[in-house]
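Trainee: Got a structure for you, written out below as C-alpha coordinates; questions coming shortly.
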Amino acid sequence: MNRVYFIGAGPGDPDFLTLKGARLLAGCDAVFAPPPFELTFAEHLQGKGVLVPFDYYFDELVEKIRNFLVAGNVAFLVPGDLTFYAPFQALIDLFGEQAVVVPGVGTANVASALLKKTLDLPGVCNRAIIASPRTLGDGSDAPTIGQLAAPGVTLLIYMNNIPLPQLVTQLHQGYGKSVPIAICHRLCLPGEEVVQGTLDDIVAKVGERDFFNLNSASRRPALTLVLVGETLTATVDGAWWDYRREHIWKFRDGEAE
Ligand SMILES: C[S@@+](CC[C@H](N)C(=O)[O-])C[C@H]1O[C@@H](n2cnc3c(N)ncnc32)[C@H](O)[C@@H]1O
(Lines give C-alpha, C1' and ligand atoms only; values in the text may rest on other atoms or scores of the structure.)
Protein backbone atom coordinates (compact mmCIF):
# COMPACT_ATOMS: atom_id res chain seq x y z
CA MET A 1 0.00 0.00 0.00
CA ASN A 2 1.37 3.40 -0.95
CA ARG A 3 1.44 5.95 1.86
CA VAL A 4 0.94 9.62 2.55
CA TYR A 5 3.80 10.75 4.77
CA PHE A 6 3.34 13.85 6.92
CA ILE A 7 6.97 14.62 7.54
CA GLY A 8 7.93 17.03 10.31
CA ALA A 9 10.22 19.30 8.31
CA GLY A 10 11.47 21.60 11.08
CA PRO A 11 11.64 25.39 10.99
CA GLY A 12 12.58 25.67 7.31
CA ASP A 13 16.26 24.80 7.01
CA PRO A 14 16.64 21.20 5.75
CA ASP A 15 19.49 20.73 8.23
CA PHE A 16 16.71 20.11 10.77
CA LEU A 17 15.03 17.34 8.79
CA THR A 18 15.45 14.04 10.66
CA LEU A 19 17.27 11.15 9.02
CA LYS A 20 13.98 9.24 8.92
CA GLY A 21 12.20 12.20 7.33
CA ALA A 22 14.93 12.52 4.69
CA ARG A 23 14.80 8.81 3.89
CA LEU A 24 11.03 8.79 3.47
CA LEU A 25 11.03 12.03 1.47
CA ALA A 26 13.57 10.54 -0.94
CA GLY A 27 11.09 7.73 -1.66
CA CYS A 28 8.21 10.04 -2.64
CA ASP A 29 7.63 11.31 -6.19
CA ALA A 30 4.98 13.87 -5.24
CA VAL A 31 5.51 16.37 -2.44
CA PHE A 32 3.20 19.02 -1.00
CA ALA A 33 5.41 21.78 0.38
CA PRO A 34 4.00 24.91 2.04
CA PRO A 35 5.96 28.11 1.36
CA PRO A 36 8.87 28.67 1.92
CA PHE A 37 9.71 24.95 2.08
CA GLU A 38 9.44 24.54 -1.70
CA LEU A 39 12.42 26.93 -1.90
CA THR A 40 14.49 26.00 1.14
CA PHE A 41 14.12 22.26 0.45
CA ALA A 42 14.78 22.63 -3.31
CA GLU A 43 17.75 20.27 -3.20
CA HIS A 44 15.65 17.51 -1.58
CA LEU A 45 12.83 18.10 -4.05
CA GLN A 46 14.76 17.85 -7.30
CA GLY A 47 13.03 15.64 -9.87
CA LYS A 48 9.82 15.41 -7.83
CA GLY A 49 6.38 16.88 -8.50
CA VAL A 50 6.11 19.74 -6.00
CA LEU A 51 2.77 21.35 -5.15
CA VAL A 52 1.72 23.98 -2.63
CA PRO A 53 -1.10 22.44 -0.53
CA PHE A 54 -2.84 25.77 0.09
CA ASP A 55 -3.46 26.17 -3.66
CA TYR A 56 -6.34 23.69 -3.33
CA TYR A 57 -9.64 23.34 -1.51
CA PHE A 58 -9.90 20.19 0.57
CA ASP A 59 -11.72 17.96 -1.95
CA GLU A 60 -9.36 18.99 -4.75
CA LEU A 61 -6.41 18.21 -2.50
CA VAL A 62 -7.79 14.77 -1.65
CA GLU A 63 -8.32 14.01 -5.33
CA LYS A 64 -4.75 15.04 -6.17
CA ILE A 65 -3.35 12.88 -3.36
CA ARG A 66 -5.44 9.86 -4.47
CA ASN A 67 -4.19 10.26 -8.06
CA PHE A 68 -0.56 10.43 -6.90
CA LEU A 69 -1.06 7.41 -4.62
CA VAL A 70 -1.87 5.19 -7.61
CA ALA A 71 1.73 5.60 -8.78
CA GLY A 72 3.67 5.89 -5.51
CA ASN A 73 4.13 7.49 -2.11
CA VAL A 74 3.20 11.08 -1.37
CA ALA A 75 4.82 13.44 1.15
CA PHE A 76 3.64 16.54 2.94
CA LEU A 77 6.35 18.71 4.46
CA VAL A 78 4.88 19.79 7.79
CA PRO A 79 6.37 23.04 9.14
CA GLY A 80 7.88 22.18 12.52
CA ASP A 81 5.85 19.05 13.01
CA LEU A 82 2.31 17.92 13.66
CA THR A 83 2.34 18.53 17.43
CA PHE A 84 1.13 22.15 17.49
CA TYR A 85 -0.74 24.32 15.00
CA ALA A 86 -0.57 22.03 12.01
CA PRO A 87 -3.44 22.24 9.48
CA PHE A 88 -3.29 18.63 8.22
CA GLN A 89 -5.41 16.71 10.75
CA ALA A 90 -8.42 16.30 8.42
CA LEU A 91 -6.19 14.66 5.80
CA ILE A 92 -4.58 12.39 8.36
CA ASP A 93 -8.00 11.31 9.65
CA LEU A 94 -9.30 10.75 6.14
CA PHE A 95 -6.35 8.64 4.97
CA GLY A 96 -6.34 6.60 8.20
CA GLU A 97 -3.85 3.72 8.00
CA GLN A 98 -2.43 5.07 4.77
CA ALA A 99 -1.30 8.24 6.58
CA VAL A 100 2.05 8.09 8.40
CA VAL A 101 3.18 10.93 10.68
CA VAL A 102 6.88 11.53 11.17
CA PRO A 103 7.97 13.75 14.08
CA GLY A 104 10.23 16.70 13.48
CA VAL A 105 11.88 19.64 15.16
CA GLY A 106 9.21 22.13 16.29
CA THR A 107 9.73 25.88 16.39
CA ALA A 108 9.64 25.76 20.19
CA ASN A 109 12.62 23.38 20.15
CA VAL A 110 14.56 25.66 17.84
CA ALA A 111 13.81 28.75 19.96
CA SER A 112 14.84 26.97 23.15
CA ALA A 113 18.14 25.97 21.55
CA LEU A 114 18.80 29.45 20.22
CA LEU A 115 18.09 31.06 23.59
CA LYS A 116 19.96 28.22 25.33
CA LYS A 117 17.14 27.88 27.85
CA THR A 118 15.04 25.03 29.23
CA LEU A 119 11.58 26.52 29.16
CA ASP A 120 10.37 24.93 32.41
CA LEU A 121 13.41 25.76 34.50
CA PRO A 122 12.85 24.30 38.01
CA GLY A 123 12.50 26.91 40.71
CA VAL A 124 11.87 29.63 38.11
CA CYS A 125 9.03 28.37 35.96
CA ASN A 126 6.46 25.78 37.00
CA ARG A 127 4.60 25.53 33.69
CA ALA A 128 4.95 26.42 30.03
CA ILE A 129 1.82 27.41 28.09
CA ILE A 130 1.54 27.22 24.32
CA ALA A 131 -1.13 29.50 22.89
CA SER A 132 -2.11 31.63 19.93
CA PRO A 133 -4.45 34.62 20.07
CA ARG A 134 -5.82 33.42 16.72
CA THR A 135 -7.21 30.23 18.24
CA LEU A 136 -8.30 31.32 21.74
CA GLY A 137 -11.78 32.08 20.38
CA ASP A 138 -13.86 35.21 19.94
CA GLY A 139 -16.61 34.56 22.51
CA SER A 140 -16.92 36.74 25.61
CA ASP A 141 -15.77 33.78 27.74
CA ALA A 142 -12.67 33.11 25.57
CA PRO A 143 -9.42 33.46 27.53
CA THR A 144 -7.02 36.23 26.58
CA ILE A 145 -3.26 36.01 26.30
CA GLY A 146 -3.11 38.34 29.34
CA GLN A 147 -5.10 35.82 31.38
CA LEU A 148 -2.68 33.03 30.51
CA ALA A 149 0.29 35.15 31.59
CA ALA A 150 1.21 34.77 35.28
CA PRO A 151 4.32 34.59 37.43
CA GLY A 152 5.98 31.19 36.95
CA VAL A 153 4.58 30.75 33.42
CA THR A 154 6.69 30.59 30.30
CA LEU A 155 4.38 31.60 27.46
CA LEU A 156 5.00 30.54 23.88
CA ILE A 157 2.82 32.62 21.59
CA TYR A 158 2.36 31.29 18.06
CA MET A 159 0.81 33.21 15.17
CA ASN A 160 0.46 36.42 17.14
CA ASN A 161 -1.92 38.96 15.61
CA ILE A 162 -2.04 41.46 18.49
CA PRO A 163 -0.06 44.68 17.88
CA LEU A 164 3.04 44.55 20.06
CA PRO A 165 2.18 47.51 22.37
CA GLN A 166 -1.22 45.94 23.19
CA LEU A 167 0.29 42.50 23.63
CA VAL A 168 2.86 43.91 26.03
CA THR A 169 0.13 45.68 28.05
CA GLN A 170 -1.77 42.39 28.41
CA LEU A 171 1.37 40.51 29.41
CA HIS A 172 2.31 43.18 31.93
CA GLN A 173 -1.08 42.82 33.60
CA GLY A 174 -0.78 39.03 33.71
CA TYR A 175 2.76 38.87 35.07
CA GLY A 176 2.24 41.88 37.35
CA LYS A 177 5.69 43.18 36.44
CA SER A 178 8.17 43.42 33.60
CA VAL A 179 9.59 40.02 32.59
CA PRO A 180 11.92 38.94 29.77
CA ILE A 181 10.51 38.52 26.27
CA ALA A 182 12.07 37.21 23.05
CA ILE A 183 10.69 37.78 19.58
CA CYS A 184 12.00 35.09 17.26
CA HIS A 185 11.39 35.86 13.60
CA ARG A 186 12.04 33.45 10.71
CA LEU A 187 14.18 31.08 12.77
CA CYS A 188 16.60 29.13 10.58
CA LEU A 189 15.39 30.96 7.47
CA PRO A 190 16.83 33.83 5.44
CA GLY A 191 15.98 37.05 7.28
CA GLU A 192 16.22 35.47 10.75
CA GLU A 193 16.02 38.11 13.51
CA VAL A 194 15.77 37.64 17.25
CA VAL A 195 15.02 40.59 19.51
CA GLN A 196 15.36 40.05 23.24
CA GLY A 197 14.33 42.49 25.94
CA THR A 198 11.80 42.98 28.70
CA LEU A 199 8.17 43.99 28.67
CA ASP A 200 9.41 47.49 29.49
CA ASP A 201 11.74 47.94 26.54
CA ILE A 202 10.71 45.48 23.81
CA VAL A 203 8.41 47.89 21.95
CA ALA A 204 11.24 50.41 21.59
CA LYS A 205 13.71 47.67 20.64
CA VAL A 206 11.44 46.36 17.87
CA GLY A 207 10.73 49.86 16.57
CA GLU A 208 9.04 49.96 13.18
CA ARG A 209 9.72 46.35 12.27
CA ASP A 210 6.50 44.50 11.38
CA PHE A 211 7.34 41.08 12.81
CA PHE A 212 3.69 39.97 12.80
CA ASN A 213 2.70 41.00 9.25
CA LEU A 214 0.11 43.36 10.72
CA ASN A 215 0.80 46.08 8.17
CA SER A 216 0.67 43.78 5.18
CA ALA A 217 -2.30 42.81 3.02
CA SER A 218 -1.48 39.13 3.63
CA ARG A 219 -3.62 37.27 6.16
CA ARG A 220 -0.98 34.61 6.59
CA PRO A 221 0.61 34.50 10.03
CA ALA A 222 4.18 35.71 10.13
CA LEU A 223 6.87 33.17 10.94
CA THR A 224 7.42 34.70 14.36
CA LEU A 225 7.35 32.99 17.74
CA VAL A 226 7.12 35.04 20.94
CA LEU A 227 8.47 33.66 24.20
CA VAL A 228 7.83 35.35 27.53
CA GLY A 229 8.78 34.61 31.12
CA GLU A 230 11.44 34.69 33.77
CA THR A 231 13.06 31.52 32.42
CA LEU A 232 14.47 33.39 29.44
CA THR A 233 17.18 35.12 31.44
CA ALA A 234 17.34 33.00 34.59
CA THR A 235 20.44 31.03 35.46
CA VAL A 236 20.66 28.19 37.94
CA ASP A 237 23.51 26.64 39.87
CA GLY A 238 24.17 22.93 40.45
CA ALA A 239 21.88 22.57 43.49
CA TRP A 240 19.06 20.97 41.49
CA TRP A 241 21.50 18.55 39.91
CA ASP A 242 22.71 17.40 43.31
CA TYR A 243 19.15 17.23 44.67
CA ARG A 244 18.15 14.97 41.80
CA ARG A 245 21.26 12.86 42.13
CA GLU A 246 20.59 12.40 45.84
CA HIS A 247 16.85 11.76 45.62
CA ILE A 248 16.23 10.30 42.15
CA TRP A 249 19.20 9.14 40.10
CA LYS A 250 21.48 7.56 42.68
CA PHE A 251 21.33 3.77 42.76
CA ARG A 252 19.97 2.56 46.08
CA ASP A 253 20.98 -0.58 47.96
CA GLY A 254 19.32 -3.60 46.36
CA GLU A 255 18.39 -1.74 43.17
CA ALA A 256 19.44 -3.49 39.94
CA GLU A 257 21.84 -1.43 37.81
C1 LIG B 1 0.91 27.13 11.52
S2 LIG B 1 2.06 27.38 12.84
C3 LIG B 1 3.14 26.03 12.58
C4 LIG B 1 3.83 25.57 13.85
C5 LIG B 1 4.61 24.28 13.61
N6 LIG B 1 3.72 23.14 13.49
C7 LIG B 1 5.65 24.00 14.71
O8 LIG B 1 5.57 22.95 15.33
O9 LIG B 1 6.54 24.82 14.92
C10 LIG B 1 2.94 28.75 12.26
C11 LIG B 1 3.51 29.53 13.42
O12 LIG B 1 4.60 28.81 13.97
C13 LIG B 1 5.66 29.71 14.28
N14 LIG B 1 6.77 29.45 13.34
C15 LIG B 1 6.79 28.52 12.38
N16 LIG B 1 7.99 28.53 11.75
C17 LIG B 1 8.72 29.49 12.34
C18 LIG B 1 10.05 29.97 12.15
N19 LIG B 1 10.86 29.46 11.22
N20 LIG B 1 10.49 30.98 12.95
C21 LIG B 1 9.69 31.50 13.91
N22 LIG B 1 8.43 31.07 14.13
C23 LIG B 1 7.95 30.08 13.36
C24 LIG B 1 5.08 31.12 14.09
O25 LIG B 1 4.47 31.51 15.30
C26 LIG B 1 4.07 30.88 13.02
O27 LIG B 1 3.07 31.88 13.01
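The values are calculated or read from the model by the stated rules, or taken from the named source; none is laboratory data. It should be emphasised that the depicted structure is a prediction, and the values quoted were computed from it without experimental measurement. A quick note on method: Cβ atoms are made from the backbone with ideal geometry, for glycine too, and the neighbour counts reach across all protein chains shown. These accessible areas exclude ligands, DNA and RNA; they are computed on the full protein's heavy atoms, side chains included. Shrake-Rupley method; radii C 1.70, N 1.55, O 1.52, S 1.80 Å.
Trainee: Spot the failing condition for ARG209; the list is (1) within 15 Å of the ligand (Cβ to nearest atom); (2) open to solvent by less than 30 Å² (accessible area, probe 1.4 Å); (3) in contact with a strand residue (DSSP E or B) (Cβ under 9 Å, 6 or more places away or on another chain), and only one is missed.
Mentor: Every listed condition holds for ARG209 apart from (2).
Trainee: Quick test for you: out of ARG127, ARG134, pick the one residue that is among the charged types (D, E, K, R) and closer than 19 Å to LEU232 by Cβ.
Mentor: Of the residues listed, the single one that is among the charged types (D, E, K, R) and closer than 19 Å to LEU232 by Cβ is ARG127.
Trainee: Where in segment 34-111 are there strands (runs of 3 or more DSSP E), lying fully within it, with 2 or more residues that are open to solvent by 20 Å² or more (accessible area, probe 1.4 Å) and either hydrophobic (A, V, I, L, M, F, W, C) or assigned by TED's automatic domain parsing to the domain that holds PRO221 (or both)?
Mentor: Strands (runs of 3 or more DSSP E) meeting the threshold: 49-51, 99-102.
Trainee: Here's something else I'd like to know. Note down all Cβ pairs under 7 Å where the first residue falls in segment 82-110 and is under 23 Å from ARG134 (Cα atoms) and within 8 Å of the ligand (Cβ to nearest atom), the second is open to solvent by less than 50 Å² (accessible area, probe 1.4 Å) and of a type in the set (Val, Ile, Thr), and they're at least six residues apart or on different chains.
Mentor: Close Cβ pairs (under 7 Å, with a partner that is open to solvent by less than 50 Å² (accessible area, probe 1.4 Å) and of a type in the set (Val, Ile, Thr)) amount to ALA86/VAL78.
Trainee: Considering (1) touching a strand residue (DSSP E or B) at 6+ places or on another chain (Cβ under 7 Å); (2) in contact (Cβ under 8 Å) with a residue 24 or more places away in the chain, say which one LEU45 fails and leave the rest.
Mentor: Of (1) touching a strand residue (DSSP E or B) at 6+ places or on another chain (Cβ under 7 Å); (2) in contact (Cβ under 8 Å) with a residue 24 or more places away in the chain, only one is false for LEU45: (2).
Trainee: Take segment 118-129 and flag every residue that is open to solvent by less than 60 Å² (accessible area, probe 1.4 Å) and either among the small types (Gly, Ala, Ser) or within 16 Å of the ligand (Cβ to nearest atom) (or both).
Mentor: Listed by number, the residues that qualify are LEU119, ALA128, ILE129.
Trainee: Also: Output the number of residues of segment 155-189 satisfying the condition of being more than 15 Å from the ligand (Cβ to nearest atom), assigned to a strand (DSSP E or B) and open to solvent by less than 10 Å² (accessible area, probe 1.4 Å).
Mentor: Residues that pass the stated criteria total 0.
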